[in-house]
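Written out below as structure tokens is the structure these notes cover.
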Amino acid sequence: MQIGFNAPTAGPLATPEAITQLLQGGEAMGYAYATFSDHVVIPTDIHAIYPYSDNGEFPAGARGARHEQLTEVMFAAARTTKLRLVTSVMVVPHRPAVLTAKILSTIDIFSNGRLTLGIGAGWLKEEFEALDAPDFAARGKVTDEYILAARELWTAAEPRFQGEHVAFDKISFEPKPVQPGGPPIWVGGESGPALRRTARLGDAWYPIGTNPAFPLDSLARYKAAVAKLHRLTAEAGRDTAQVGLALRVQKFGAELPALAGEGERHLFSGSAAQIVEDIHALRALGVSAIDFNFLGSTVEKVLAQMESFRASVMERI
């Protein structure tokens with residue numbers, strides 16, 4: 001089981017010095033990967049519904065100054081040697097397809113193959129408009145095309161692609177990523193379209209359990225979602241073993257209620273021993289990677305949380 005942690009792209013700890021301390025500290029403790037979130041701009045007037053809060057509002061603490069995701073990932077690659085670097089998630093339609101494929105390939109090369117591409121179609125319509133991105137209503141199809149185009153660029157000697165939203169031919173795309181076929185793609189999202197995208201295109205499913213519309217807050221609910229994913233994967237003509245399982249955890253321990261929405265025990269609630277049991281149960285289902293969000297007002301406080309989690313949970317799995 002790989003355990004990851006969130007690296008700040010926004011807030012008071014998103015300075016070069018603090019990010020370096022957190023990344024190198026996590027690497028030294030034995031964490032397997034760090035995650036990086038993605039917003040280019042934050043609109044000041046948001047009407048779009050945020051999927052991961054009960055009231056649909058984008059958290060006020062996430063609206064401040066923030067770094068561009070892929071630039072920070074490259075910085076992280078230069079400051080570490082073993083950590084995998086996971087975009088969590090990259091909003092695919094935000095950036096032009098061919099340019100983004102080149103940036104990701106370059107990061108993969110300079111990190112010596114440590115990039116994992118977590119992807120999403122996006123939720124913030126006002127940000128799409130500010131970036132002059134493709135039509136928000138078409139974001140699902142745009143995401144699929146851009147990923148297929150990237151894989152063509154990463155693998156073909158003479159890449160060519162003809163889609164509704166991206167097309168190219170008679171170009172050279174070198175060098176290729178270090179990882180054969182390009183960085184593994186973890187598909188974020190919990191909805192039906194996200195599951196279908198995972199089944200068709202993903203190397204792994206990478207949901208967050210706090211989406212009120214598609215809750216994954218108990219082991220029973222998560223099992224049911226995995227069963228649906230396996231059915232969709234088989235219908236897409238792929239072996240279910242080709243699609244891994246990863247999970248993002250925003251809250252754990254005392255931050256959570258003891259019971260989930262349907263009355264079963266809430267995943268990752270309670271004591272360290274209970275969290276260990278949850279991780280063992282998820283590993284038995286095929287989950288191979290879980291990342292946690294460690295909060296604190298200083299680098300020292302965040303690293304202390306990470307060290308406590310390492311000693312109480314990671315050493316027991």
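The values are calculated or read from the model by the stated rules, or taken from the named source; none is laboratory data. Computed from a predicted model, the values in this text were never measured in an experiment. Cβ sites come from the backbone with ideal geometry, for glycine too, and all protein chains shown count toward neighbours. Protein only, heavy atoms only, side chains kept; ligands, DNA and RNA dropped before computing areas. Shrake-Rupley method; radii C 1.70, N 1.55, O 1.52, S 1.80 Å.
Okay, here's what the table says:
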{"item": "Residues whose placed amide H lies under 5 Å from that of residue 266, excluding near-sequence neighbours", "result": "259, 260"}
{"item": "Mean separation of Cα contacts under 8 Å (6+ apart) over length of the chain, as relative contact order %", "result": "17 percent"}
{"item": "³J(HN,Hα), Karplus 6.51/-1.76/1.60, whole Hz, each residue of region 218-224, x for Gly, Pro", "result": "9, 5, 5, 5, 5, 4, 5"}
{"item": "For the chain: accessible area per residue (Å², 1.4 Å)", "result": "44 Å²"}
{"item": "Residue-wise HN-Hα coupling along region 165-171, computed from phi with Karplus coefficients 6.51, -1.76, 1.60 (Hz; x: Gly, Pro)", "result": "10, 8, 8, 7, 6, 6, 10"}
{"item": "Restraint check, 228/251; 223/301; 223/251; 102/228; 141/176; 102/251, Cα-Cα greater than 28 Å", "result": "223/301; 102/228; 102/251"}
{"item": "Carbon plus sulfur fraction of accessible area for the chain, probe 1.4 Å, in percent", "result": "55 percent"}
{"item": "In Hz, Karplus ³J(HN,Hα) per residue of region 305-314 (6.51, -1.76, 1.60; θ = phi - 60°; x = Gly, Pro)", "result": "4, 5, 5, 4, 5, 4, 6, 8, 10, 4"}
{"item": "Extension gain (nm, one decimal) between residue 308 and residue 138, 0.36 nm per residue minus Cα-Cα", "result": "56.8 nm"}
{"item": "Dimensions (Å) - the chain, Cα atoms, principal axes, largest first", "result": "58, 45, 41"}
{"item": "Highest to lowest packing among 45-55, 185-195, scored as the average C-beta count within 10 Å", "result": "185-195, 45-55"}
{"item": "Computed FRET value (nearest 0.05) for residue 240 with residue 44, which takes r as the C-beta separation and R₀ as 30 Å", "result": "0.10"}
{"item": "For residue 2, distant residues with modelled amide H under 5 Å away", "result": "289, 290"}
{"item": "Rounded to 10°, Cα long-axis angle of helix 192-201 versus longest principal axis of the chain", "result": "60 degrees"}
{"item": "Expected 222 nm ellipticity per residue - DSSP helices of 4 or more, -39500 (n - 2.57), all of the chain, to 500", "result": "-11500 deg cm²/dmol"}
{"item": "Percentage, to the nearest whole number, of Cα pairs in region 1-108 over 17 Å apart", "result": "58 percent"}
{"item": "Cut-off under 5 Å, modelled amide H: who pairs with residue 84 long-range", "result": "33, 34"}
{"item": "Gain in span if fully extended, residue 172 to residue 264, counting 0.36 nm per residue against the direct Cα distance", "result": "27.7 nm"}
